[in-house]
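Nothing in this text is a laboratory measurement; each read-out follows from the coordinates by a stated rule. As the structure is a prediction and not an experimental result, all values here were calculated from the model. Neighbour counts run over all protein chains shown; Cβ positions are idealised from the backbone, glycine included.
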Amino acid sequence: MKKRLRIVAGNWKMNKTYEAGRDLVMAVRDSLGPSEVVVIMCPPYIHLKPASISLKDVLNVKLGAQNCHQNEGGAYTGEISASMLKSVGCEYVILGHSERREYFKESHQLLTEKVKAALENDLRPIFCFGEKLDSREAKKQNEVVKKQLKESIFDHFSKEEFANMVLAYEPVWAIGTGKTASPKQAQEMHKFIRSLVAKKYGAETADLTTILYGGSVKPANAKELFGQPDVDGGLIGGASLKAADFVAITKAYF
Ligand code: 13P
């Protein structure tokens, strides 16, 4: 049995109106049952407070946000700070998602600042990274992933700080495409990521690091992916929007 936390997190992205989101949270809550996996729901900001009320007494279901600003407060119209997220019951925050890197031009340096802000406010970052298709085709995926981790994380955070992070490998070519990484591809990359963590922070830290896989995870492929020794769960996009699919994925470990 792995000692590290096993996590299934749902990234709703920009989906669900207020009512539809409330229904989804309640449907997941009511059909989840006891779970050894930590389930994290990451809805858009408007759902966080009502979800935290609905999930108040539910063990093993946590709340996460999809982003935060790097500063504590001030004149940043439209933004949300880590302390605000904490104040509505968030425990996690997704940072570095490829959609943020691509559409909002988030750089390695900015991501470091956001991770710092999250940690300072007692939020656990779910730090996402992964190569694009052209890098995979050129067999440069390891190089890309190493650079993403080094520049945003390894060069800036201590072992103690790193211990509060969750990593999420999300190959960009697998996100929303229906083209999942094969279990073998996922395992190879996760093993490589764990070796990078070991080199930087030591074997014990590496062994305790939760590394999630994201990219077209569905009930049909979750079991095989999660069965890989270095895959500790998933970050789920599309399939987290349907309660039955998301709950089925949380049960894929057993
Ligand atoms: P899909 O599961 O829709 O491919 O999205 C994955 C993802 O981006 C999760 O953050």
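Annotations for the structure displayed:
- Spacing of the two label points (7 Å from each Cα toward its C-beta) at ASP30 and ALA198, in nm: 4.7 nm
- Length available on full extension from ASP134 to SER83: 0.36 nm per residue minus the Cα-Cα distance, which gives 14.6 nm.
- The chain - mean residue ellipticity at 222 nm from DSSP helices (-39,500 (n - 2.57) per run, n ≥ 4, rounded to 500): -11500 deg cm²/dmol
- Cα-Cα over 21 Å, subset of LYS114/LYS150; LYS56/LYS223; LYS132/LYS179; LYS105/LYS150; LYS13/LYS56; LYS3/LYS251: LYS56/LYS223; LYS13/LYS56
- Options ALA248, GLY21, ASN164, ranked by Cα towards positive dipole end of the chain, top entry (Cβ charges): ALA248
- Range in the chain, longest, excluding exposed GluC sites (Glu not before Pro) [loop by DSSP; at most 15 other beta-carbon atoms within 10 Å]: 80-254
- Whole-Å distance, taken between Cα centres, linking region 1-70 and region 137-171: 25 Å
- For region 1-107, the list of chymotrypsin sites (Phe, Trp or Tyr not before Pro) that fall in a loop by DSSP and count at most 16 other C-beta atoms within 10 angstrom reads TYR76, PHE104.
- Stretching the chain fully between GLU102 and LYS150 yields a gain of 15.4 nm (0.36 nm per residue, less the alpha carbon separation).
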